[in-house]
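This report refers to the structure that appears directly beneath it.
The values are calculated or read from the model by the stated rules, or taken from the named source; none is laboratory data. As the structure is a prediction and not an experimental result, all values here were calculated from the model. Cβ sites come from the backbone with ideal geometry, for glycine too, and all protein chains shown count toward neighbours. Each accessible area value is taken on the protein alone, full model and side chains, heavy atoms only, with ligands, DNA and RNA left out. Shrake-Rupley method; radii C 1.70, N 1.55, O 1.52, S 1.80 Å.
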Amino acid sequence: MSAQEKRNVVAFEAIRAIYFFEMARFRRTLLQSIVSPVLSTSLYFVVFGAAIGSRIAAIDGVSYGAFIVPGLIMLSVLTQSISNASFAIFFPKFSGTIYEILSAPVSYIEVVVGYVGAAASKSILLGLIILATARLFVTFDIAHPVWMLSFLVLTAATFSLFGFIIGIWADGFEKLQLVPLLIITPLTFLGGSFYSIDMLPPFWRTVTLFNPVVYLVSGFRWSFFGRSDVSVGLSLAMTGVFLFICLAVIWWIFRTGYRLRT
Amino acid sequence: MPPIISICNLTKTYASGFQALKGINLEIHSGEIFALLGPNGAGKTTLINIVCGIVNPTGGFVLADGHDVVRDYRAARSRIGLVPQELSSNAFDTVWAGVTFSRGLFGKPADKPYLEKVLKDLSLWDKKNSPMMTLSGGMKRRVMIAKALSHEPQILFLDEPTAGVDVELRRDMWEMVRSLRARGVTIILTTHYIEEAEQMADRIGVINKGELILVEEKSALMKKLGKKQLTVQLQHALTSVPAGLAGHQVELSADGEELIYTFDPRSGEKGIASLMKQLSELGIEFKDLQTNQSSLEEIFVSLVRAAP
Ligand SMILES: Nc1ncnc2c1ncn2[C@@H]1O[C@H](COP(=O)(O)OP(=O)(O)OP(=O)(O)O)[C@@H](O)[C@H]1O
Ligand SMILES: [Mg+2]
């Protein structure tokens, strides 16, 4: 092994290449990537914030319009992270261009960092755009901006990893859409984006506590308003657990070459 | 000089239980053009994919420039460029984006003049900003070659580079392969066009049903197995082979207008000169002479047939 190869234990060039290649795709589809979430967020505010929200009492002293902002952002970040990352790795697999990644002098970790990094970056950007859009409709302050950003980044990273796993697991377009549709959408809608779980009857409140999205939304909402359904520590811990599970699955996938190398 | 690639007892059994490679041993010399021949399903692509890191081997090992392709994959793969058999491309990405990506992926710092030269050599420069989906099949194939060359590999694998490629482009590719070899790049190619191997390769390997049945210098192979034929076009048709020629392996064509003499140039047979002498002694006049050597194709077909 030459001296240069020894020093170059992390292939930064390769990570950069994957990251910017993926981001370039994002730029090319900038219009869909940005306009559609901005539009749908605006619609949410017109319907929930203005039309219905004016008839709903403030929750914990926060107006309903403002109350749904963190949940809405989380909803989009979550779904976009999954779809960005799952498509990013599914597509090369589907089109056959994955051969290049597999034959390149890169470690699995570098591949994951490149793809997941790009997918997470996109959805973080998206979250911030939705935040700015929401600010046009309702006024609110962010109590803990640093925590807010941390939750955003953590969620984007975790669910991009999750999306990456789905993209590797999926061997057809149906499967690629199955998980987001059948599992993620219900979980996000029942995750307390549009209500406080205190508003639910006790039985359902208990059921809800098995929904990981509840912890994300709750923690994220706390960073805005300083109030939460479950404790912030628990929110962080649950997100951490999910992140850890995803990392473990990815480690296993790459160790065994599952659905990548025959 | 140590071999640039050493393949040792390599086996591959796919998940389906199918054994695609049954203990391959092969050494590729630095700087040579090695042609791997074999019928469909022989295991050519499997072998290449293992060396390049796309398929995991079941047993045995491969060293590329002294580096184990599994344990020391980084060093091994950074030396290898691959043009796979199947065409694949990201439809919306431009040619330029594709080659810059490939170069970066292999850890090489950006080098526009070099990539420009690669694209120009492959007549792709005017297409550099075209999305892949707007290119023809032959152009896509060239882009895949450009991607493989983008990171300046020492070893280049071409898995059926000329399948579905027109005559002109095939010539260009041969030209390119030769100029790469002149720069010291080792080239391993598979092909079903035997004349291609015949024209290009320094050495030839024949693989059949997962076993390497022959590896030989091309010229030695041609000599060893290549029979020569002399066709004598007669002035006057004959009805049977004259008795005086019985000592030679001579046949008469159906119409009686040609005598066909088959001989092995390396065997101790009396050869053309003595045949000619006898023809003139017998007073047989002829219009023309033709010799030809059996092609690699014929050699190859007979080899594969003979294999169990
Ligand atoms: N992923 C796989 N799973 C199971 N069997 C496979 C797989 N890939 C290839 N094979 C089998 O392994 C054998 C060798 O295939 P391979 O692609 O290496 O052949 P080849 O020599 O490249 O053929 P061709 O000239 O058609 O390209 C074939 O019988 C094929 O069916
Ligand atoms: Mg093949």
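A few remarks follow.
- Filter pass, B:Leu82 being out of contact with any Lys or Arg (no Cβ under 7 Å at 6 or more places or on another chain), away from ligand 2 (no atom under 16 Å from the Cβ), modelled with pLDDT of 95 or more and part of a strand (DSSP E or B): no
- Residue pairs whose Cβ atoms lie under 7 Å apart, sitting 6 or more positions apart in sequence or on different chains, and linking a residue in the stretch A:25-42 that is farther than 13 Å from A:Leu125 by Cβ to a partner that is of a type outside the set (A, V, I, L, M), are A:Arg28/B:Phe92; A:Thr41/A:Thr133; A:Ser42/A:Thr133.
- Among the residues listed as B:Ser102, B:Ser88, B:Ser78, the single one being of a type in the set (Gly, Ala, Ser) and either in contact with an Asp or Glu (Cβ under 7 Å, 6 or more places away or on another chain) or outside the structural domain of B:Thr134 (by TED's automatic domain parsing) (or both): B:Ser102
- Scanning the stretch A:195-234 for residues that are hydrophobic (A, V, I, L, M, F, W, C) and outside any helix (DSSP H, G or I) returns A:Leu200, A:Leu209, A:Phe210, A:Val230.
- B:Ala220 of a type in the set (Gly, Ala, Ser), modelled with pLDDT of 90 or more and more than 16 Å from ligand 1 (Cβ to nearest atom): no
- Of everything in the stretch B:159-177 that is within 16 Å of ligand 1 (Cβ to nearest atom) and more than 13 Å from the chain's Cα centre (by Cα), the residue that is modelled with the lowest pLDDT is B:Gly164.
- In the condition set (1) under 15 Å from the mean Cα position of the chain (by Cα); (2) within 16 Å of ligand 2 (Cβ to nearest atom); (3) open to solvent by 10 Å² or more (accessible area, probe 1.4 Å), B:Glu196 is compliant with all but (3).
- With respect to the conditions (1) open to solvent by 80 Å² or more (accessible area, probe 1.4 Å); (2) within 30 Å of B:Asn40 (Cα to Cα); (3) modelled with pLDDT under 80, B:Arg266 falls short on a single one, namely (2).
- Residue check, A:Phe242 over 20 Å from the mean Cα position of the chain (by Cα) and surrounded by 15 or more Cβ atoms within 10 Å (Cβ to Cβ): no
- Hey, B:Leu180 assigned to a helix (DSSP H, G or I), crowded, with 18+ Cβ neighbours inside 10 Å and touching a residue at least 12 places away in the same chain (Cβ under 8 Å) or not: yes
- Among residues of the stretch B:1-37 being out of contact with any helix residue (DSSP H, G or I) (no Cβ under 7 Å at 6 or more places or on another chain) and within 16 Å of ligand 2 (Cβ to nearest atom), the one that is farthest from B:Ser78 (Cα to Cα) is B:Phe18.
- Pick from the stretch B:74-94, criterion facing chain A (nearest Cβ under 9 Å) and over 26 Å from the mean Cα position of the chain (by Cα), ranking: farthest from B:Pro2 (Cα to Cα): B:Phe92
- Qualifying residue in the stretch B:44-67 (condition: more than 14 Å from every other protein chain (Cβ to nearest Cβ), touching a Cys at 6+ places or on another chain (Cβ under 9 Å) and either open to solvent by less than 30 Å² (accessible area, probe 1.4 Å) or within 16 Å of ligand 2 (Cβ to nearest atom) (or both)): no
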